[in-house]
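Structure first, commentary second.
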Amino acid sequence: MTAENSSPLPLRERKKLRTRQTLIDTALDLFGTHGFDGVTLDGLCDAAEVSKRTFFRYFDSKEDVAMAPTQDLWAAFLDVLETCPADGRQLLALFEDALAEAVGRMPADGWAGRVLASRHLAARTPSTDAHGLAFCDRTTRSALAVVERRFALPRSGGQLHARLALDLLVVLFHRALDAWVAQPAGHTPEDLVRRLRATAAELPAALAATAEPSA
């Protein structure tokens, strides 16, 4: 259930969501205490009181469950793209608005804390980098497919421009996320959106910056 959607889900779906959330919370707690490599999949499943078969219904790997909080955000971003209006906005602005809306759809019960735990883990676990890059590429390709299907792109350069706008969005998000994680307090979804907006506002100046000789 998301922050925007308060309609009750069927019991079976609620149970599935609880099981998935238990796996995420248990994994992040264990990884934070013992390190990513210090936790086996068997140990994680035992702590969460689920079978490995159940684990693989929800996640493909330990990396997958460790990165779930931000992966859930990008899944919501794809959902927003499917329904947001084609109203003539610049693509990058549309993508920024869609991602901000996706943040608003994240669960209110601890999502921000899970993102913090996941990012702190990623910072000290190099093996998550390849997983994150692969996920980012898949998500960008999925988003581009939605854009090509829903919006009228120019024949000349339209696909390239859309891909560049998506790539810029990913860069802006990661810079905003880094700043958000590093701040001493105020780790709320709303503040993450503010960071995203502020970072995006710096883009024109960054693109206009010149390489002047040092004094």
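The values are calculated or read from the model by the stated rules, or taken from the named source; none is laboratory data. Everything numeric in this text was worked out from a predicted model, so none of it was measured. Glycine gets a Cβ as well: all are built from the backbone with ideal geometry, and neighbour counts include every protein chain shown.
Would you be able to tell me the number of residues in the range 62-84 that are over 17 Å from the mean Cα position of the chain (by Cα) and among the hydroxyl-bearing types (Ser, Thr, Tyr)?
So the count comes out to 1.
Let me confirm something: among ARG53, ARG89, ARG57, which residue is under 22 Å from ALA165 (Cα atoms), of a type in the set (Lys, Arg) and surrounded by fewer than 16 Cβ atoms within 10 Å (Cβ to Cβ)?
Matching residue, one of ARG53, ARG89, ARG57: ARG89.
Filter the range 90-109 for residues that are among the small types (Gly, Ala, Ser) and in contact (Cβ under 8 Å) with a residue 24 or more places away in the chain and give the result. Before the answer, list the steps.
Filtering the range 90-109 for residues among the small types (Gly, Ala, Ser) gives 93, 98, 100, 102, 104, 108.
Those that are among the small types (Gly, Ala, Ser) and in contact (Cβ under 8 Å) with a residue 24 or more places away in the chain: ALA100, ALA102, GLY104, ALA108.
Yes or no, residue by residue, for (1) of a type outside the set (S, T, N, Q); (2) surrounded by fewer than 13 Cβ atoms within 10 Å (Cβ to Cβ); (3) under 28 Å from THR83 (Cα atoms); (4) under 21 Å from the mean Cα position of the chain (by Cα):
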site: VAL147; (1), (2), (3), (4): yes, no, yes, yes
site: PHE151; (1), (2), (3), (4): yes, no, yes, no
site: ARG155; (1), (2), (3), (4): yes, yes, yes, no
site: LEU168; (1), (2), (3), (4): yes, no, yes, yes
site: ALA182; (1), (2), (3), (4): yes, yes, no, yes
site: ALA205; (1), (2), (3), (4): yes, yes, no, no
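On the given criteria, is THR70 over 25 Å from LEU144 (Cβ atoms) and crowded, with 16+ Cβ neighbours inside 10 Å?
On the way: over 25 Å from LEU144 (Cβ atoms): no; crowded, with 16+ Cβ neighbours inside 10 Å: yes.
So THR70 fails the test.
Find the residue count for the range 30-42, including only residues that are without any contact (Cβ under 8 Å) to a residue 24 or more places away in the chain and either surrounded by 13 or more Cβ atoms within 10 Å (Cβ to Cβ) or of a type in the set (S, T, N, Q) (or both).
Here the count works out to 5.
Give the residues of the range 125-167 that are of a type in the set (Lys, Arg) and touching a residue at least 12 places away in the same chain (Cβ under 8 Å), sorted by residue number.
Our first condition is that a residue be of a type in the set (Lys, Arg); within the range 125-167, this holds for 138, 141, 149-150, 155, 163.
Those that are of a type in the set (Lys, Arg) and touching a residue at least 12 places away in the same chain (Cβ under 8 Å): ARG150, ARG163.
So which of LEU73, LEU116, LEU144, LEU94 is touching a Cys at 6+ places or on another chain (Cβ under 7 Å) and not hydroxyl-bearing (Ser, Thr, Tyr)? Walk me through it before giving the result.
Numbers: LEU73 fails: touching a Cys at 6+ places or on another chain (Cβ under 7 Å); LEU116 fails: touching a Cys at 6+ places or on another chain (Cβ under 7 Å); LEU144 fails: touching a Cys at 6+ places or on another chain (Cβ under 7 Å).
Testing whether each residue is touching a Cys at 6+ places or on another chain (Cβ under 7 Å) and not hydroxyl-bearing (Ser, Thr, Tyr) leaves just LEU94.
For the range 98-115, check the following and say yes or no: at least one residue is outside the structural domain of THR22 (by TED's automatic domain parsing), buried (at least 16 other Cβ atoms within 10 Å of the Cβ), touching a Ser or Thr at 6+ places or on another chain (Cβ under 6 Å) and not in a helix (DSSP H, G or I).
yes
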